[in-house]
């Protein structure tokens with residue numbers, strides 16, 4: 001079949017709308033008609049070339065839609081099911097999945113990095129040549145083929161625009177607080193970066209019972225969002241930031257700092273603002289020249305700080321998505337409020353410009 005898709009052919013050049021050939025689903029796969037797709041900062045980073053990716057590529061990795069067709073051996077989904085998509089398919093069989101670390105799944109992380117399906121091939125074709133799927137999905141397309149394990153059922157009545165955000169920003173940020181940082185009742189937490197992922201880290205900390213949630217961002221607009229989502233103190237980055245953090249925490253620093261930006265200075269600040277014995281959780285997707293540079297003895301041994309990465313919220317996707325839906329239905333988790341701008345597909349370039357502006361929380365493409 002043919003599908004209209006947003007294709008990046010060269011970093012920084014305008015996205016091209018191209019009618020691609022889309023292969024039907026193979027065994028264990030499903031064809032999904034995309035109804036909504038969030039525009040994540042990682043999409044922007046691939047667009048600009050900050051995050052390298054095989055080209056040409058269909059952008060988008062935060063999507064929700066309706067199952068149109070199922071391949072052989074698919075029993076848990078059927079045509080007509082509404083689903084949210086996961087950009088890290090968890091096989092359930094590898095060492096990591098078997099040891100309760102499914103966010104490190106061998107086949108899922110490999111496919112995400114390659115921009116392919118788990119079998120190493122693509123389903124998109126352009127003039128007979130393969131077109132890659134960003135993060136194994138490629139949701140800036142009217143249709144896409146995904147592994148059935150990457151599609152999680154949604155309640156039939158749920159709006160696909162906020163639902164799409166569960167597939168990346170919500171799961172990543174919420175999980176960083178709940179699963180990776182393991183925020184406990186009464187703790188002090190700092191979140192550096194208050195875009196879509198950071199706001200959900202704030203939500204995760206709030207729902208976990210943190211007594212003090214410090215949000216850090218240069219944008220006053222985003223700090224206002226942070227307060228709405230649960231921040232108890234908002235600060236802007238600068239030379240006085242660490243002093244301000246310590247003043248607010250009786251001189252100690254926070255129990256856990258969650259960094260979602262991926263810049264050298266924010267990584268450094270996250271570690272510095274964490275108290276002795278505390279946790280610095282790194283989430284931000286930065287290039288390889290962003291490094292952790294901490295003295296091993298005085299910075300780690302003598303402080304007993306833990307520095308830990310968080311990939312996809314350290315989450316078991318199917319289990320976590322159902323939990324998030326439950327929290328949303330109980331009105332404990334804010335999803336609708338995350339959608340601050342919608343664009344009609346194919347206005348992908350406009351949506352990326354909005355993302356680059358730093359305004360709002362999340363833009364969503366509607367199809």
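No value in this document is a laboratory result; all are computed from the given coordinates. Keep in mind the model is a prediction, meaning the values are calculated, not measured. So basically every Cβ, Gly included, is an ideal-geometry build from the backbone, and we count neighbours across all protein chains shown.
Quick notes
- The range 288-359-the range 183-250 distance, computed between alpha-carbon centres (Å): 14
- Degrees, to the nearest 10: 196-208 long Cα axis against longest axis of the chain: 60
- Share of Cα-Cα pairs in the chain lying beyond 35 Å, as whole percent: 21
- Highest mean packing first, where packing is the average number of other Cβ atoms within 10 Å per residue, the peptides 143-155, 340-352 line up as 143-155, 340-352.
- For the range 11-54, backbone nitrogen atoms closer than 14 Å to the point 7 Å from residue 72 Cα along Cα-to-C-beta are found at 25-29.
- Taking only the Cα atoms of the range 182-309, the ratio Rg/Rh comes out at 0.94, with Rh defined as the Kirkwood radius.
- The angle between the Cα long axis of helix 264-273 and the main principal axis of the chain comes to about 50°, on a 0 to 90 degree scale.
- Whole-number percent relative contact order across the range 182-309, with pairs defined as alpha carbons under 8 Å at least 6 apart: 21
- Shape class of the range 111-249 from the Cα gyration tensor (axes a ≥ b ≥ c, square roots of the eigenvalues): prolate, since a/c reaches 1.5 or more and a/b is larger than b/c.
- Order by protection proxy (mean Cβ within 10 Å, highest first), peptides 358-367, 9-18: 358-367, 9-18
- Nitroxide proxy distance, nm - points 7 Å out along Cα→Cβ at residue 48 and residue 121: 3.7
- Label zone at residue 340, where the point sits 7 Å out along the Cα-to-Cβ direction: the range 211-242 residues whose backbone N lies under 14 Å: 216-230
- Using R0 = 35 Å, the C-beta based FRET efficiency linking residue 185 and residue 291 works out to 0.55.
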